[in-house]
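*Asks:* Sharing a structure with you now.
The values are calculated or read from the model by the stated rules, or taken from the named source; none is laboratory data. Predicted model, so just to flag it, every value in this text is computed and none were measured. Positions of Cβ are generated from backbone atoms using ideal geometry, with glycine treated the same way; all protein chains shown enter the neighbour counts. Quick note on the areas: whole protein, heavy atoms, side chains included, nothing else; ligands and nucleic acids left out. Shrake-Rupley method; radii C 1.70, N 1.55, O 1.52, S 1.80 Å.
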Amino acid sequence: MDKYRSFQEFYPFYLSQHRNRICRRLHFIGTLSVLVILFSSLMTSSWLMLLLMPICGYGFAWLGHILFEHNKPATFSYPIYSLIGDWVMFKDILYGKIQI
C-alpha cells in the first residue's frame, strides 16, 4: 500500500474500500452505535458500557468488509486515518454526500 501524507490524500482510498452499499450501512450502524453507547454511558454513569464501543464500532464495520466488500479493512494498515475516515464518512452520509 502507498503511504499517505495527509488525510486528504487517504480519504479517496478509504472511500474506494467502501463501494458496497451494505458495507457503508454497517459502518454507519457501527458508528451510530458508538454514539448511542457513549451517550447512554454518560447518562447512566455505566462506565463499563464504554467497553462495547470498539466492539460495536469495529464489529459492524469489519463484518461489512468480510461479508460484502471482500477486502481487508484499512484499519489494519492505517488505523488513525481509518478512524477519522469512519467519522468523516458518517458525516458525509448524514449530509447526503454519500448514499446508503
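*Asks:* Quick check on region 35-82: of everything there that is outside any helix (DSSP H, G or I) and touching a residue at least 24 places away in the same chain (Cβ under 8 Å), which residue is farthest from residue 11 (Cα to Cα)?
*Replies:* 71
Residues are listed down the side, and each one gets a yes or a no for (1) loosely packed, with under 12 Cβ neighbours inside 10 Å; (2) under 20 Å from residue 99 (Cβ atoms):
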position	(1), (2)
5	yes, no
10	no, no
19	yes, yes
22	no, yes
28	no, yes
50	no, no
78	no, no
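*Asks:* Pick from region 83-100 the residues that are part of a helix (DSSP H, G or I), of a type in the set (A, V, I, L, M) and closer than 12 Å to residue 27 by Cα: which of them is most open to solvent (accessible area, probe 1.4 Å)?
*Replies:* Filtering region 83-100 for residues that are part of a helix (DSSP H, G or I), of a type in the set (A, V, I, L, M) and closer than 12 Å to residue 27 by Cα, the one most open to solvent (accessible area, probe 1.4 Å) comes out as 83.
*Asks:* Would you confirm whether any residue within region 52-72 is in contact with a Ser or Thr (Cβ under 7 Å, 6 or more places away or on another chain), aliphatic (A, V, I, L, M), modelled with pLDDT of 95 or more and over 30 Å from residue 5 (Cα atoms)?
*Replies:* no
*Asks:* Starting from region 1-30, take each residue that is modelled with pLDDT under 95 and list its partners that are of a type in the set (A, V, I, L, M, F, W, C) and surrounded by fewer than 18 Cβ atoms within 10 Å (Cβ to Cβ), counting only C-beta distances under 9 angstrom and pairs at least six apart or across chains.
*Replies:* Every condition considered, the pairs that remain are 1/13; 2/13; 4/13.
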